[in-house]
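**Q** I have a structure here, written as structure tokens, and I will follow up with some questions on it.
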Amino acid sequence: MPLIRPLWAALLDLAAERDCGGCGRPQPSGEPLCEDCDALLAEGGPWRTLAAVPGTPRTHAVARYEDPIRTMLIGYKERGRTDLRRALGRALARAVAQTLDATGGEADFAVGSTVSAPVALVPMPSRREVVRERGADTTARLARTAARALREVGAPVRAVPALCHARAVRDQAGLSREERQANLSGALRARRAAAAAGVAASRVVLVDDISTSGASLAEAARALRTAGVPVLGAATIAAARVRS
Ligand SMILES: [Zn+2]
């Protein structure tokens, strides 16, 4: 019954959309997240993350990488819960604001305030096969949503996909810290067009959904530095290890 199955799957997806994208409780309101899960993103943190890898830029996150945050991120990236993008993007914006506050001094994202120096959010590039599988570059989309949220409060922030892979890399999951570093060493490079488009004139904040060892953020900072673009810091929604 080849025609039945996709329809059946679509109905299941529809049902899943009515559950909270974090804890899975039914959501009669139809909102993507229940109040408790939404509060984790909207009020959690900010935390400075603990990096295991030298060269990791100063990074802030708003949540620990544990459930229900883990379920939200997997739902958004791998299970088609695109309805979570707005809440996740806003959480990323909060982490970015914290990184700017901690490093920029004058950056104050109170409503109505403005910041003179432009800020470029550079998303961690996704592997090509992952983008193909998911049908979208989920990290780049989060960066755009976060930039929009920051512009709404008067900050001149835009998302600039300034990095790409210089060679193929393996999936980081399941690799040891040493293997991750070897897997990523020299793996990224700055896109020439992006550098020319004025990223160098902006304050650059790297963004990703999760930080674990810091290895990918460190490699991204190295790649941009090599292209003459200094990195101010990094921001992620969740972090495996935070300073408490
Ligand atoms: Zn929930």
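The values are calculated or read from the model by the stated rules, or taken from the named source; none is laboratory data. From a predicted model like this one, the values you see are computed outputs, not experimental measurements. Cβ placement follows ideal geometry from the backbone for every residue including glycine, while neighbour counts extend to all protein chains displayed. Keep in mind that these areas ignore ligands, DNA and RNA; they rest on the heavy atoms of the full protein, side chains included. Shrake-Rupley method; radii C 1.70, N 1.55, O 1.52, S 1.80 Å.
**Q** When N counts the residues of the range 45-239, how does its alpha-carbon radius of gyration compare numerically with 2.2 N^0.38 Å, as a ratio?
**A** My calculation over the Cα atoms of the range 45-239 gives 0.95.
**Q** A further question follows. With a 4.7 Å Cβ cut-off, tell me which Cys residues in the chain come up empty for a partner.
**A** CYS23, CYS37, CYS164, each lacking another Cys Cβ under 4.7 Å.
**Q** Using 1/(1 + (r/R0)^6) with R0 = 45 angstrom and r between the beta carbons of SER29 and ALA166, what's the FRET efficiency to the nearest 0.05?
**A** Efficiency computed from Cβ-Cβ geometry: 0.45.
**Q** Using a 1.4 angstrom probe, figure out how much accessible area the range 56-102 has per residue, in square angstrom, rounded to the nearest whole.
**A** 40 Å²
**Q** Per residue, what accessible area does the range 127-238 have, given a 1.4 Å probe and all protein chains present, in Å²?
**A** The answer is 47 Å² per residue.
**Q** Can I ask one more? Could you give the length gained by full extension between SER176 and ALA102, i.e. 0.36 nm per residue of separation minus their alpha carbon distance, to one decimal place? Don't skip to the end; give the middle numbers.
**A** Details: separation 74, 0.36 × 74 = 26.64 nm, distance 3.05 nm.
Using 0.36 nm per residue and subtracting the Cα-Cα distance, I get 23.6 nm.
**Q** Quick one: if you stick a label point 7 Å off each Cα along the C-beta vector at ARG134 and THR82, how many nm between them?
**A** Between ARG134 and THR82, the simple spin-label model gives 1.3 nm.
**Q** While we're here: With an 8 Å cut-off on Cα pairs and a minimum separation of 6 or more residues, tell me the relative contact order of the chain in percent.
**A** Rounded, it is 25 percent for the chain.
**Q** Then there is this: For the range 45-239, with all protein chains present and a 1.4 Å probe, just round the carbon and sulfur fraction of the accessible area to a whole percent.
**A** Reported share for carbon and sulfur atoms: 48 percent.
**Q** Looking at the chain, which longest stretch skips every one of the GluC sites (Glu not before Pro) that is in a DSSP loop with at most 13 other Cβ atoms within 10 Å, leaving the sites themselves out?
**A** That gives 107-244 as the longest site-free run.
**Q** Related question: Could you work out the local net charge near CYS34, counting Lys and Arg as +1, Asp and Glu as -1, over the other residues with Cβ closer than 12 Å to its Cβ?
**A** -3
**Q** I want the local charge near HIS165. Using Cβ-Cβ distances under 10 Å, sum +1 for each Lys or Arg and -1 for each Asp or Glu among the other residues. Present the calculation step by step, with values, prior to reporting the outcome.
**A** Working: positive: ARG127, ARG128, ARG167, ARG189; negative: none.
Here the count lands on +4.
**Q** Run the helix sum for the chain: -39,500 (n - 2.57) per DSSP H stretch of 4+ residues, divided by residue count, reported at 222 nm to the nearest 500 deg cm²/dmol.
**A** My calculation for the chain gives -12500 deg cm²/dmol from helical runs alone.
**Q** Next up: To the nearest 10 square angstrom, what accessible area does ARG25 show with a 1.4 Å probe?
**A** The accessible area comes out at roughly 120 Å².
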